[in-house]
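A short write-up of the structure that comes next.
The values are calculated or read from the model by the stated rules, or taken from the named source; none is laboratory data. The structure displayed is predicted, hence computed values, not measured ones. Cβ placement follows ideal geometry from the backbone for every residue including glycine, while neighbour counts extend to all protein chains displayed. For the accessible areas, the whole protein counts, side chains as well, though only heavy atoms, and no ligand, DNA or RNA atoms are used. Shrake-Rupley method; radii C 1.70, N 1.55, O 1.52, S 1.80 Å.
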Amino acid sequence: MARNVEIKARIDSIEALLPLAIARADGPAEAIAQDDTFFRCAIGRLKLRVFADGRGELIAYERPDAAGPKTSDYAITPVADPDALRATLARALGLGGRVVKQRNLLQVGRTRVHLDRVAGLGDFMELEVVLREGERADDGVAVAHDLLRQLQVAPSQLVSGAYVDLLRLKAEGDAKGTPSDCRAQPAKKPASNEALNAFASANTCSAQARAASSSGVRHCALAPNSINASTLAEPLCPALRSCAHATTRPMVASSGPSA
């Protein structure tokens with residue numbers, strides 16, 4: 001399995017952090033729409049990721065749920081028919097949740113920087129430091145901490161767990177009428193056209209994709225108990241279908257398991 005050191009933090013807004021990330025990146029930002037479906041499994045996590053052009057990846061990974069840098073072991077398999085595979089895995093394993101997000105991806109050396117707008121949660125930053133064969137995790141942790149300082153992200157902003165966990169905690173808190181310690185901020189409206197135009201030179205998403213983002217992403221993030229047969233009949237969030245140019249990255253091991 002490939003290995004990363006990963007870290008996730010809540011941020012005020014993508015627009016505020018994007019200039020700092022671009023200044024340190026090896027190239028322009030890439031806008032990617034992602035629809036992740038999680039399945040119940042005995043070891044680690046298993047999710048099916050679908051892109052706007054219909055391509056998919058089945059991602060299995062193991063990662064501790066802790067704030068701060070943590071090591072993730074993962075394997076990625078390209079999927080030609082993600083809708084059919086989703087239905088099959090849901091029948092065999094059961095559904096564990098769904099996460100829809102708009103991601104801005106930048107590469108800083110060997111670190112992938114994700115600036116995510118997650119439906120139902122808000123804005124986040126993730127770092128994935130790719131470890132070399134046999135490299136100590138501590139080396140990747142040092143890289144992650146250094147980049148956090150450069151991006152001016154404070155330790156108090158770090159969060160544990162995956163987006164699907166945060167959505168579950170938020171749903172439980174809403175049901176009880178009490179906030180959770182891991183509860184994220186409410187989802188923000190997608191960036192305005194003016195804000196996107198300010199970073200047009202660093203954004204490879206087409207005008208069609210930006211229009212889809214500006215119109216808003218329908219809330220497809222579901223708690224496990226709310227997923228049923230009607231959910232499976234709707235294979236992909238419409239906002240992703242309209243963003244046909246959301247990603248051009250290679251499918252095999254092109255990105256880690258972050259969710």
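Odds and ends about this structure:
- Straight-line cross-link reach from Lys176 at under 19 Å between alpha-carbon atoms covers these aspartates and glutamates, not counting any fewer than eight positions away in the same chain: Asp165.
- Across the stretch 133-146, computed HN-Hα scalar couplings (Karplus, 6.51 cos²θ - 1.76 cosθ + 1.60, θ = phi - 60°) run 4, x, 6, 6, 4, 4, 5, x, 4, 4, 5, 5, 5, 5 Hz from first to last residue, x flagging Gly and Pro.
- Per residue, the stretch 17-171 exposes 37 Å² of accessible surface when a 1.4 Å probe is rolled over the protein heavy atoms with every protein chain present.
- Remark: spin-label model distance Asp174-Asp53 equals 3.4 nm, labels positioned 7 Å along the Cα→Cβ axis.
- For Glu172, solvent-accessible area (1.4 Å; no DNA, RNA or ligand), Å²: 90
- Asp12 accessible area, 1.4 Å probe, all protein chains in place, Å² to nearest 10: 130
- Nearby aspartates and glutamates by direct alpha-carbon distance to Lys170 (threshold 20 angstrom, same-chain neighbours under 8 apart not counted): Asp12, Asp35, Asp36, Asp65, Asp116, Asp123, Glu126, Asp181
- Protein-only accessible surface order, largest first, of Arg24, Arg103 at 1.4 Å: Arg24, Arg103
- The heavy atoms of Ser156 offer some 110 square angstrom of accessible surface to a 1.4 angstrom probe.
- Amide proton proximity set for Gly96, modelled H, under 5 Å, gap of 5+: Phe38, Phe39, Arg40
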